[in-house]
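Just below is one structure, and these are the notes that go with it.
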Amino acid sequence: MTPTPWGDPKHLHVLLNSLKTLKIPLPPGLSLCPWVLHRPLLPSPPSRPAFPHFPVSSASGSFGTPAPGFSSMLYGMKIANLAYVTKTRVRFFRLDRWANVCFPEKRRVKLGSDISKHHKAEYLHGKHGVDVEVQGPHEARDGQLLIRLDLNRKEVLTLRLRNGGTQPVTLTHLFPLCRTPQFAFYNGDQELPCPLGPGECVSTGKSLWTGACPGQSWSSGNRLLLLCRWGVPLPWAVAAGGVSLPGPLSRCCPPSGECYELHVHCKTGFVGYFPATVLWELLGPGEPGSEGAGTFYIARFLAAVAHSPLAAQLKPTTPFKRTRISGNPVVTSRIEEGERPDRARGYDLELSMALGTYCPPPRLRQLLPILLQGTSIFTAPKEIAEIKAQLETGLQWRNYEVKLRLLLHLEELQMEHDIRHYDLESVPMTWDPADQNPRLLTLEVPGVTESRPSVLRGDHLFALLSSETHHEDPVTYKGFVHKVELDRVKLSFSTSLLSRFVDGLTFKVNFTFNRQPLRVQHRALELTGRWPLWPMLFPVASRGVPLLPSDVKLKLYDRSLESNPEQLQAMKYIVTGTTRPAPYIIFGPPGTGKTVTLVEAIKQVVKHLPKAHILACAPSNSGADLLCQRLRVHLPSSIYRLLAPSRDIRMVPEDIKPCCNWDAKKGDYVFPAKKKLQEYRVLITTLITASRLVSAQFPIDHFTHIFIDEAGHSMEPESLVAIAGLMEVKETDNPGGQLVLAGDPRQLGPVLRSPLTQKHGLGYSLLERLVAPSLGGPRGGAEVIFLLLPPRSHPTILDIPNRLYYEGELQACADVVDRERFCRWEGLPRQGFPIIFHGVMGKDEREGNSPSFFNPEEAATVTSYLKLLLAPSSKKGKARLSPRSVGVISPYRKQVEKIRHCITKLDKELRGLDDIKDLKVGSVEEFQGQERSVILISTVRSSQSFVQLDLDFNLGFLKNPKRFNVAVTRAKALLIVVGNPLLLGHDPDWKVFLEFCKENGGYTGCPFPDKLDLQQGQNLLHGLSKLRPSTSGPQSHDYLPQEREGEDGLSLQVEPEWRNEL
């Protein structure tokens, strides 16, 4: 409202009507005649600024009380923070129902902004003699007051705000901030908030509230929100000695020994972690505007905790200690190398084609900080503008190699930065007694079992003696990894170090990452120019040259595919090859049979085209293993699985070992010569391992078909590794080889670290670009078949993903007996609805130096469901569910670890099952392309303090539709989700899923919020997350903005699978 000078009595009528129009809520004791008049304001202190007194009508108000004087009314509004008043001007502040309370310029505070600039300790310590005394059962820990609860038993905590100083201060606002009904706040016998009747004064034992929000009841309204905020202006003073006085800045001398008490009642019927915050806003001693009269805050952070017995055993083993990023790695001019491990004693595969280094240009490294600043292309310096122009230009054949190479360099620079998080200071090494040739040193690396950092055989690191770090030019020792065992790595160093080494000698250790995957991607980009692939990568039309007659009859190995017309059409197109040189794309949502179709097509090509040779790839080991397992059934002697030497043979499925390159007699991997490998009809590798075939210079026309499964999960240069140098497009009548891609761009895509590469397209797969014309895929180019019939899942499980991502086009055709298997399970909240959402108010925990999150209560809840599912049944004739039919998904590796610990160590019933190790617990990425009859999902996140980390890094399920889509579509017959509904309800997709479960009777657990207000909850979440204490530590000021939380976001999850494909 525009400030208006008040120099005439006629303006009073304008004022009253303006306030009525604005619907400004009034503090206790301040009402405007003729609407609601409770009581007049107290007379203004003589020292306040003088305002002219304008008489108001002597008519009584609605309660027979005279209306206040105009100056008193303005003064009351000033103290209540409803107006900014000077001698000549008045500015009124409209109070939005859920907005932050508005203050005059000198005292205006926005929760979560100004407050967040200071450390929480400032709000825990008293000021001006005012402090908070705590009485009742509690435990002080990390700035929080923990109240441990037994179920359905109430505990009461008393918070006394006492003024122990010599001067009075004014309590202006009190903000109890809570998000669950486990807390109730009382003053005396009255529950807060409550109206203050006419004529009441403020004293010990009386309520100080006027109500939460206009028109909203406390008993139900506050349970609707993730965070319930009600702040009420309180124009009362807390005088020296601790008595609440009935006047603003009153000079009265109160009786001694009294104080303002807030009683916090805590009670819950559910296990979990229930946080709340109480924030007192006070005005310092002195007159308004004088020195020392500024606003200050005192806060107490509360948490009611009720643990299940199993969750209590999962508490953090050691306090979380953030790994601080070190400076640049210490690599001196004097480097001594250890002995490299043997490549492989049976490595006969040729290395005919050289592999360049392809290091990032030094100038790009220098310009990176400026690039990250987001300067406009029109105002940036010339060099920056040129780079930005390359990044912002759409991908075309003309800029194909240049743009993708630039993006790979930017990604590598981010990887160089991220690896510094794992560097170690002053760590000891010891002799390895087992290995004497060569002699190895053992280094304990916390987190190596979680791939943090990912250390594999053949990798190297740099070590500097701690005693020499301050020397002018010390020796840097380059150690090569020979073995990785649990949390220890065994390293080979130079003989000069070994000759002076004694057990316990300490080192500064810098880790590195293997550049091989990046180098082979750069080479693939280079090869696209040597063998023109543009008709395949930027297809316009097929040439229609068939390999077989169009009327060929296909006799399928998998007879179930005969009833699916889309799958039949796909196999016919692939076998006849009429789409060449354009790729053939099998695009299908989860469970539609993309891999099944791909496998059947490979079998048909082998059967009908005797001269065909096939390369079958997937981005991950698990994906390539699955192809091998399904092909081996009908092609046992025609396939060969080529595994990378860095892969742990213990992780290789037993049924594919007979047809892979592991030599059991030698106990090592072997790599047959090129001539031998060419004898196999089908070679199966990961995308990165396919680079070994390029290095061996397989004839460019050897592979007639290249199949890539889960193609949407890899970067485009990664897919090129299996194409460039192994296939070409011919200008003759024969268009060359056939490329077949299978995947779903609406599921998980490539995992990237750099914000620049995420923004400028490296996250798009080749499949996604070809399917989406807006990304450079021309219409009418690649042949795309869309599979619509998901044979996997119950239609109820597919309902939400179908509506959100596939425009309702999916048609359920799963076997009725299989999909209805759990519709009458006794554990369902509602029979016939095979989805459970179990609400748990848990707590995000971290331990040791691992930044990954875990949630003990959710892990315990998942374990309890597994016991119901897997425990032997007492009912006659009812078979026990096999652990092979069950999968558990969590986005955080630490939660995966805790759940595995529960089922294999802690729970007696589950650990006693002979086949419990067959139960797969893993990340979303590990389940892509897989299915289970029953899927349990632990979402983990419960505290708002770290939500921004999820948003920044696309971690967890928040704001990540692809991860949500993959997770909820892995189940065939039963889906159980364990999570915090109050937090997940502020994500649009989860909100739809939650309401779907609630409406259909599938919700159980903690009370479901009556209403999920998305925008309101997001605003409150953002504000309170900055105020609440957290273990996130100070923000980093490094030039890479991803480090705002001081950690590598990717490290919270499983490393990209290509890291194990070297």
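The values are calculated or read from the model by the stated rules, or taken from the named source; none is laboratory data. All values derive from a computational prediction rather than experimental measurement. Ideal geometry is used to build each Cβ from the backbone, glycine not excepted, and the neighbour counts take in all protein chains shown. Note: accessible area is taken over every heavy atom of the protein model, side chains too, but ligands, DNA and RNA are not part of it. Shrake-Rupley method; radii C 1.70, N 1.55, O 1.52, S 1.80 Å.
Across the range 771-797, the qualifying residues are those that are closer than 30 Å to ARG543 by Cα and assigned to a helix (DSSP H, G or I), and the one among them that is modelled with the highest pLDDT is VAL771. Looking across the range 743-765, the residues that are of a type in the set (S, T, N, Q) and either farther than 15 Å from GLU718 by Cα or not assigned by the TED database to the domain that holds VAL599 (or both) come down to GLN747, SER754, GLN758.
Listed by first and then second residue, the pairs with beta-carbon distance under 8 Å, at least 6 apart or on different chains, first residue in the range 909-937 and more than 30 Å from LYS962 (Cβ to Cβ), second of a type in the set (Lys, Arg), are GLU909/LYS867; LEU910/LYS867; ARG911/LYS905; ASP915/ARG884. Applying the criterion of being assigned to a loop (DSSP other than H, G, I, E, B) and open to solvent by less than 10 Å² (accessible area, probe 1.4 Å) to the residues of the range 852-875, the residue that is modelled with the lowest pLDDT is SER852. Of the residues that make up the range 653-666, is at least one in a helix (DSSP H, G or I), aliphatic (A, V, I, L, M), without any contact (Cβ under 8 Å) to a residue 60 or more places away in the chain and surrounded by 21 or more Cβ atoms within 10 Å (Cβ to Cβ)? Yes.
When the residues of the range 588-622 are filtered to those that are among the charged types (D, E, K, R) and open to solvent by 10 Å² or more (accessible area, probe 1.4 Å), which remaining residue is modelled with the lowest pLDDT?
Selected residue: LYS594.
Residues in the range 553-587 that are open to solvent by less than 30 Å² (accessible area, probe 1.4 Å) and more than 21 Å from LEU766 (Cβ to Cβ) were compared, and the one that is nearest to the chain's Cα centre (by Cα) is GLN567. Within the range 697-719, if we keep just the residues that are within 18 Å of ARG580 (Cβ to Cβ) and among the hydrophobic types (A, V, I, L, M, F, W, C), the residue that is most open to solvent (accessible area, probe 1.4 Å) turns out to be ILE700. Restricting the range 623-641 to residues that are assigned to a helix (DSSP H, G or I) and touching a residue at least 60 places away in the same chain (Cβ under 8 Å), the residue that is most open to solvent (accessible area, probe 1.4 Å) is LEU626. Test ALA612 against the criterion of being farther than 25 Å from VAL489 by Cα and either within 34 Å of the chain's Cα centre (by Cα) or among the β-branched types (Val, Ile, Thr) (or both), and give yes or no. The answer is no for ALA612.
Condition check: modelled with pLDDT under 90, part of a helix (DSSP H, G or I), of a type in the set (Lys, Arg) and open to solvent by 10 Å² or more (accessible area, probe 1.4 Å). Does LYS878 satisfy that?
Considered against the rule, which asks whether it is modelled with pLDDT under 90, part of a helix (DSSP H, G or I), of a type in the set (Lys, Arg) and open to solvent by 10 Å² or more (accessible area, probe 1.4 Å), LYS878 comes out as no.
When ALA812 is tested against (1) at pLDDT below 85; (2) under 30 Å from LEU395 (Cβ atoms); (3) touching a helix residue (DSSP H, G or I) at 6+ places or on another chain (Cβ under 6 Å); (4) open to solvent by 20 Å² or more (accessible area, probe 1.4 Å), only condition (2) is not met. Looking at the range 711-770, which of the residues that are farther than 26 Å from LYS674 by Cα and among the β-branched types (Val, Ile, Thr) is modelled with the highest pLDDT? Among residues in the range 711-770 that are farther than 26 Å from LYS674 by Cα and among the β-branched types (Val, Ile, Thr), the one modelled with the highest pLDDT is THR757.
Being at pLDDT below 95 and touching a Ser or Thr at 6+ places or on another chain (Cβ under 7 Å) is a description that applies to ALA644. The residues on offer are LEU371, LEU351, LEU391, and the sole one that is under 30 Å from PHE671 (Cα atoms) and either touching a Leu at 6+ places or on another chain (Cβ under 9 Å) or open to solvent by 90 Å² or more (accessible area, probe 1.4 Å) (or both) is LEU351. Within the set LEU556, LEU561, LEU525, LEU548, the sole residue that is more than 21 Å from GLU731 (Cβ to Cβ) and in contact with a strand residue (DSSP E or B) (Cβ under 9 Å, 6 or more places away or on another chain) turns out to be LEU525. Could you go through the range 176-183 and let me know if any residue there is closer than 30 Å to SER308 by Cα, open to solvent by 50 Å² or more (accessible area, probe 1.4 Å) and modelled with pLDDT of 70 or more. Checked against the condition, which is being closer than 30 Å to SER308 by Cα, open to solvent by 50 Å² or more (accessible area, probe 1.4 Å) and modelled with pLDDT of 70 or more, the range 176-183 yields at least one hit.
This table checks each residue for (1) at pLDDT 85 or above; (2) open to solvent by 10 Å² or more (accessible area, probe 1.4 Å); (3) assigned by the TED database to the domain that holds ASP844; (4) over 12 Å from the mean Cα position of the chain (by Cα).
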{"site": "GLU897", "(1), (2), (3), (4)": "yes, yes, yes, yes"}
{"site": "THR904", "(1), (2), (3), (4)": "yes, yes, yes, yes"}
{"site": "GLU925", "(1), (2), (3), (4)": "no, yes, yes, yes"}
{"site": "GLY929", "(1), (2), (3), (4)": "no, yes, yes, yes"}
{"site": "VAL940", "(1), (2), (3), (4)": "yes, no, yes, no"}
{"site": "SER945", "(1), (2), (3), (4)": "no, yes, yes, yes"}
{"site": "PHE953", "(1), (2), (3), (4)": "no, yes, yes, no"}
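Within the range 827-845, the set of residues being open to solvent by less than 20 Å² (accessible area, probe 1.4 Å), touching a Pro at 6+ places or on another chain (Cβ under 8 Å) and in a loop (DSSP other than H, G, I, E, B) comprises LEU828, GLY842. Is it the case that some residue within the range 621-634 is of a type in the set (Val, Ile, Thr) and farther than 18 Å from SER560 by Cα? Checking the range 621-634: not a single residue is of a type in the set (Val, Ile, Thr) and farther than 18 Å from SER560 by Cα. Suppose we keep only residues that are in a loop (DSSP other than H, G, I, E, B) and modelled with pLDDT of 90 or more within the range 249-268. Which one would you say is nearest to GLY164 (Cα to Cα)? Per the criteria, the residue is LYS267. Just to be sure before I move on: is ARG420 within 32 Å of the chain's Cα centre (by Cα), of a type in the set (D, E, K, R) and modelled with pLDDT of 90 or more in the structure I sent? The answer is no for ARG420.
From (1) open to solvent by 60 Å² or more (accessible area, probe 1.4 Å); (2) closer than 19 Å to LEU984 by Cβ; (3) not polar (S, T, N, Q), pick out the condition that doesn't hold for ARG824. If we test ARG824 against (1) open to solvent by 60 Å² or more (accessible area, probe 1.4 Å); (2) closer than 19 Å to LEU984 by Cβ; (3) not polar (S, T, N, Q), just (2) comes out false. If I ask for residues that are assigned to a helix (DSSP H, G or I) and either buried (at least 16 other Cβ atoms within 10 Å of the Cβ) or modelled with pLDDT of 80 or more (or both), which ones from the range 117-167 would you list? Within the range 117-167, TYR123, LEU124 meet the criteria. Answer yes or no as to whether VAL694 is open to solvent by less than 50 Å² (accessible area, probe 1.4 Å), in contact with a helix residue (DSSP H, G or I) (Cβ under 8 Å, 6 or more places away or on another chain), in the same structural domain as ALA618 (by the TED database) and over 23 Å from ARG519 (Cα atoms). The answer is no for VAL694.
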